[in-house]
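Throughout, read-outs are computed from the coordinates displayed, never taken from laboratory work. The structure presented is a predicted model; accordingly, all values stated were derived computationally and were not measured. Here Cβ is always computed from backbone atoms with ideal geometry, including for glycine, and neighbour counts include all displayed protein chains.
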Amino acid sequence: MEGYLHTIIGPMFSGKTSFLLHELERFARAGKRVILFSGDNREETPVIHSRRPIYKGIHIHKTRCASAMIELAQQYDVVGVDEVQFCDENLSQALSSLASNGKIVLASGLDQDYKKEPFMTTLGLIPESEKVTRLTSVCQKCGSLNAIRNVRKVCSNERVLEGAEELYEVRCRRCQ
């Protein structure tokens, strides 16, 4: 099997995780061995935050460590990584290596923070990717279907403040 890397980026609430799960489920139903790594630390056990149920054929492991992903992925055909913006700086090299070794790799994450600063872990995947999908969300102020900005609703100077609707909303270019 020829390996490749597909990176899925976009703002919060754009369906990145649902898209990733849909693709991984297709591979699992086709008989491929599938593992999904989650970089989300909001829960003690591995949890994928999506409105889409997770297919039983997908194994889930919680880690942000690229070297652990390489080691654990060896027995699988297809590798998914969710919330890549939280992973370590070696992620691009690790996922590229997996793809070069015949693995199908799908990675999803935010491309920017609430200050419009890029997440370099995510953007570092783009030059290594055979395919890149950029999703948009719905502006929570005007209803535009082209929302690309994450807007924080609470005061905090921390770059990463993990949460969802209680902390963030998404807006279009005009309403940012």
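Brief remarks on what is shown
- Only one entry in Gly102, Gly109 is touching a helix residue (DSSP H, G or I) at 6+ places or on another chain (Cβ under 7 Å) and small (Gly, Ala, Ser), namely Gly109.
- Candidate set from the range 125-176 (those that are assigned to a loop (DSSP other than H, G, I, E, B) and of a type in the set (Lys, Arg)); member that is nearest to the chain's Cα centre (by Cα): Arg159
- For Tyr76: the one exception among (1) outside any loop (DSSP other than H, G, I, E, B); (2) within 25 Å of Glu25 (Cα to Cα): (1)
- Residues located in the range 73-102, provided they are under 10 Å from Ile35 (Cβ atoms) and either buried (at least 21 other Cβ atoms within 10 Å of the Cβ) or in contact with a strand residue (DSSP E or B) (Cβ under 6 Å, 6 or more places away or on another chain) (or both): Ala73, Tyr76, Val78, Val79, Gly80, Val81
- Matching residues in the range 93-124 - criterion: being farther than 15 Å from Phe19 by Cβ and in a loop (DSSP other than H, G, I, E, B): Asn101, Gly102, Lys103, Asp113, Tyr114, Lys115, Lys116, Glu117, Phe119, Gly124
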